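Q: Before we start, here is the structure in question, set down as structure tokens.
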Amino acid sequence: MRVNVVTMFPGFFEGPLDTSIVARAVAGGQLDVVLHDLREHGVGKHRQLDDTPFGGGPGMVMMIEPLASILAPLESTHRVLFTPAGEPMKQATLDDWSGRDDVTFVCGRYEGVDQRVIDLFVDQEVSLGDYVLAGGEVAAAAAIEGIARLLPGVVGNPDSTRSESFRDGLLEEPVYTRPSTYLDQEVPEVLLSGDHGRIEEWRQTQREERTRERRPDLFENGQ
Ligand code: ADE
């Protein structure tokens, strides 16, 4: 699939795109990321991207024309604006995007984006979480990584994407590897028992207890 990214900071994505699973998805041809540099579409000889808000107030607002000139030709793609005012990004959001041929991620900056850009050229507004970042780049990088690992053939064992946290509404259970004792800390006896029935039962209990304690919101939804 293709992911377009509209950003004032294309250099930000060098690390995330060149690392681990995302790099593998790009090298394997499952993922194609196209960076669109907003500055190249700036207005006038100063390549202006932002202006003062009508009605006054602090901060600057991203102008219509640079965004429109990139987003109008991408009308056939699903265009997402990252903003703290959007719906929260969930596993289901990533599942949806990863099933599409093309998505376009718009990284907002400054105090916001002129509302007419959103009304005319954006299909979905999404937030990474209930906190304010300096812009949408971190959210776009998180989304790209979350999508890449869902694309067919990118993660070796498909079970590891299928049976994970959030798919079934539960958090993952704790996991252990060698050594079986470290600073008097023992691995739970059941995991060394070889009894696969008991092990699965223990894991399921751990998932439920963790979810109830840490994420009662998820637990209520799942019941
Ligand atoms: N831009 C600034 N804060 C953000 C957030 N929480 N999610 C997505 N984009 C943002």
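The values are calculated or read from the model by the stated rules, or taken from the named source; none is laboratory data. In this text, all values refer to a predicted model and were calculated from it rather than measured experimentally. With ideal geometry, Cβ positions are generated from the backbone for all residues, glycine too; neighbour counts draw on all protein chains shown.
Q: Check Gly56, Gly42 and return the single one that is without any contact (Cβ under 8 Å) to a residue 60 or more places away in the chain and out of contact with any Pro (no Cβ under 6 Å at 6 or more places or on another chain).
A: Testing whether each residue is without any contact (Cβ under 8 Å) to a residue 60 or more places away in the chain and out of contact with any Pro (no Cβ under 6 Å at 6 or more places or on another chain) leaves just Gly56.
Q: Continuing with the same structure: Criterion first (buried (at least 19 other Cβ atoms within 10 Å of the Cβ), among the aromatic types (Phe, Trp, Tyr) and within 16 Å of the ligand (Cβ to nearest atom)) does Phe121 satisfy it?
A: Taking the combined requirement at face value, the residue does not satisfy it.
Q: Another question about this same structure. Among the candidates Leu81, Leu128, Leu67, single out the residue that is modelled with pLDDT of 95 or more, over 20 Å from Gly42 (Cα atoms) and within 16 Å of the ligand (Cβ to nearest atom).
A: None of the other options fit; the residue is Leu128.
Q: Another question about this same structure. For segment 131-146, which residues satisfy the criterion of being in contact with a Phe, Trp or Tyr (Cβ under 8 Å, 6 or more places away or on another chain) and either outside the structural domain of Met62 (by TED's automatic domain parsing) or within 7 Å of the ligand (Cβ to nearest atom) (or both)?
A: Gly135, Gly136, Ala139
Per-residue answers, yes or no, for (1) surrounded by 11 or more Cβ atoms within 10 Å (Cβ to Cβ); (2) in contact with a His (Cβ under 8 Å, 6 or more places away or on another chain):
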site: Gln30; (1), (2): yes, no
site: Asp37; (1), (2): yes, no
site: Val43; (1), (2): yes, no
site: His46; (1), (2): no, no
site: Asp51; (1), (2): yes, no
site: Gly55; (1), (2): no, no
site: Pro58; (1), (2): no, no
site: Met63; (1), (2): yes, no
site: Ser69; (1), (2): yes, yes
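Q: Can you confirm whether Val103 is within 30 Å of Gly28 (Cβ to Cβ), assigned by TED's automatic domain parsing to the domain that holds Asp32 and either within 10 Å of the ligand (Cβ to nearest atom) or of a type in the set (Gly, Ala, Ser) (or both)?
A: When the stated conditions are applied, Val103 does not pass them.
Table: residues versus (1) without any contact (Cβ under 8 Å) to a residue 24 or more places away in the chain; (2) out of contact with any Ser or Thr (no Cβ under 6 Å at 6 or more places or on another chain); (3) among the polar types (S, T, N, Q).
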position: Val5; (1), (2), (3): no, yes, no
position: Ala27; (1), (2), (3): yes, yes, no
position: Gln30; (1), (2), (3): no, yes, yes
position: Asp37; (1), (2), (3): no, yes, no
position: Val61; (1), (2), (3): no, yes, no
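Q: List, please: which pairs have Cβ atoms under 8 Å, are six or more places apart or on different chains, and start with a residue in segment 72-91 that is among the polar types (S, T, N, Q) and end with one that is more than 8 Å from the ligand (Cβ to nearest atom) and part of a helix (DSSP H, G or I)?
A: Gln91/Gly146
Q: Which strands (runs of 3 or more DSSP E) sit wholly inside segment 17-109 and have at least 2 residues that are under 26 Å from Asp130 (Cβ atoms)?
A: Ranges flagged: 78-88, 102-107.
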